[in-house]
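Structure record follows, encoded as structure tokens.
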Amino acid sequence: VSKGAAGPTERGFIGVGLLGMGVVGTGVAEALSIHGSFLQESVGLPLKLQGILVRDAGRSRSALVDSSLITTQSKDVLENPEVDIVIELMGGEDAALPAIRGTLADGRSVVTGNKEVMAKHGAGLLAMARAKGASLKFEAAVGGAIPVISALERGVTGARVRALRAIINGTTNYILTRMAVEGMAFEDALSDAQAQGYAEADPGNDINGTDAAYKLAVLATLAYGSPVSPESIYCEGIGHLTPRDFRYAHDLGYAIKLLAIAKEIGDGELDVRVHPAFIASDAQLAKVDGVYNAVQFDSDSAGELLLYGRGAGSGPTTSAVLSDLIEVARRLTGHGGPQSRQTPGTGSRVRPIDELDFRYYLRLTVSDQPGVLAAIARILGDASISIASVIQQEVDETAGSAEIVITTHRARESALRDATGKLTALDVVREIGSIIRVEE
Ligand SMILES: NC(=O)c1ccc[n+]([C@@H]2O[C@H](COP(=O)([O-])OP(=O)(O)OC[C@H]3O[C@@H](n4cnc5c(N)ncnc54)[C@H](OP(=O)(O)O)[C@@H]3O)[C@@H](O)[C@H]2O)c1
């Protein structure tokens, strides 16, 4: 707060500035406009919206929100001395990062739902918040209404998180569920997700795993007290999966999910990755369907813990923003608890995927002729990859091709990559349709 300006107690209210009034910002603006008195009960002072930054002044907005608060000038919100807390819900880096930095530099607190900014700049921003005595809260950045950030900040698992496995992208989970249950092709399931409003017009960051990798970077950084950058996370999307893979997975006793995984693997190293994975169909995460999200922790004292809920949408995300807002506001009125565990320590190495071992599912289209399986087995054997099971099906008699599905025992990723290069070069192998890791 600028020098000489009255603080919230002298002023008699906590001033809130909102950046962005889209899907989530509208929910937050409406809640602050309607439920002020409920929030006052939990905070001790009323929370008053002082300004709302948007890009397009001409757009029609919620009638529940005082339109005189809306502005296209960031200074109206950021330089208003009666704004104690800034809620950033614009998304992206360009406008959001300088706004968050500037607010924290002023010693004022920020609540954000911005996974991209937190994934790329979270460690620095949290250090800045601490240095300035401000709070930076970001529950809405991961898992919508699921209180996964506060679980990690408050050490709900009691001790170290050995591993976390999560389904943290509702769009892809919806698509995978339709593919699994109805045998839909990827493109059809994506169109359906768009028609239902579960996928954006440009779904690229969801489909290719980037959104999940941003969220995983935020979770892994908190879980292991060590900055994990999104670039260090191996990331593979779901666009190459076919209905056949889901049928084979089902027959073999598995579900296919886009998993975000972070594990401690000893020697100060972490295994952090996002990719479609086979998981046993009786595992809890295998039952998380549709747009739901879930985060499963394995910890040494609490054992296994599953947080499950709606991962996106206006209502769930608004609730996450409001819970952060109440916590920050309570701190301003002296009712808050201690600052959460926010400062990451230094450097764990993320072990490259090539140096990790997995079991694999491989689906190959091959010429329907004798000796094919032996040739494939020889290449895998030479790479020290041992076969766990084989399914061979005749697919297309006229084309003279058959489909072979192989599951392997644990093998090094680099060995598998070398072997698949050699398999592709075999005359009898027409195509390697899918390679999917099995998460045990
Ligand atoms: N939607 C969800 O379910 C969800 C879930 C979890 C987290 N989040 C996160 O919450 C944030 C907001 O998401 P959203 O879905 O609410 O986004 P959105 O619907 O696209 O809304 C963005 C809002 O920010 C404003 N805005 C964008 N860039 C701006 C700029 N440069 N200057 C001024 N205003 C700007 C837009 O103004 P106009 O209205 O004038 O266009 C709009 O009001 C994102 O970080 C997102 O990742 C969203």
- Within the stretch 370-392, how many residues turn out to be touching a residue at least 12 places away in the same chain (Cβ under 8 Å) and either in contact with a strand residue (DSSP E or B) (Cβ under 9 Å, 6 or more places away or on another chain) or β-branched (Val, Ile, Thr) (or both)? 16
- Message: Condition (residue is in a helix (DSSP H, G or I) and either more than 16 Å from the ligand (Cβ to nearest atom) or more than 19 Å from the chain's Cα centre (by Cα) (or both)) applied to the stretch 115-123: is it met by at least one residue?
- Response: yes
- Does at least one position in the stretch 195-209 carry a residue that is within 13 Å of the chain's Cα centre (by Cα), surrounded by fewer than 22 Cβ atoms within 10 Å (Cβ to Cβ) and in a helix (DSSP H, G or I)? yes
- Test Ala180 against the stated conditions and say whether it is more than 21 Å from Val438 (Cα to Cα), more than 19 Å from the chain's Cα centre (by Cα), surrounded by 19 or more Cβ atoms within 10 Å (Cβ to Cβ) and modelled with pLDDT of 95 or more. no
- Can you tell me which residue in the stretch 5-24 is nearest to the ligand (Cβ to nearest atom), limited to those that are under 15 Å from Gly51 (Cα atoms) and in contact with a strand residue (DSSP E or B) (Cβ under 6 Å, 6 or more places away or on another chain)? Met21
- Given (1) more than 16 Å from the ligand (Cβ to nearest atom); (2) among the charged types (D, E, K, R); (3) part of a helix (DSSP H, G or I), where does Arg101 come up short, assuming only one miss? (1)
- Looking at the stretch 77-89, is at least one residue within 14 Å of the ligand (Cβ to nearest atom), assigned to a loop (DSSP other than H, G, I, E, B) and either polar (S, T, N, Q) or within 27 Å of Pro316 (Cβ to Cβ) (or both)? yes
- Message: Out of Ala217, Ala223, I need the residue that is modelled with pLDDT of 95 or more and either under 21 Å from Asp354 (Cα atoms) or crowded, with 18+ Cβ neighbours inside 10 Å (or both). Which one?
- Response: Ala217
- Assuming Leu285 fulfils every condition listed in (1) over 17 Å from the mean Cα position of the chain (by Cα); (2) buried (at least 16 other Cβ atoms within 10 Å of the Cβ) apart from one, which condition is it? (1)
- Do we find that Gly107 is closer than 24 Å to Pro46 by Cβ, modelled with pLDDT of 95 or more and within 13 Å of the ligand (Cβ to nearest atom) in this structure? no
- Residues of the stretch 252-305 satisfying the condition of being among the acidic types (Asp, Glu), modelled with pLDDT under 95 and not in a strand (DSSP E or B): Asp267, Asp300
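Only one residue in Ser367, Ser434, Ser386 is at pLDDT 95 or above and more than 21 Å from Arg247 (Cα to Cα). Which one?
Result of the check over Ser367, Ser434, Ser386: Ser386.
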- Query: Does the stretch 26-49 contain any residue that is of a type outside the set (Asp, Glu), within 12 Å of the ligand (Cβ to nearest atom), at pLDDT 95 or above and assigned to a loop (DSSP other than H, G, I, E, B)?
  - Reply: no
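The values are calculated or read from the model by the stated rules, or taken from the named source; none is laboratory data. Values in this document were obtained by computation on a predicted structure and should not be read as measured data. No Cβ is skipped: glycine too gets one built from the backbone with ideal geometry, and neighbour counts run over all protein chains shown.
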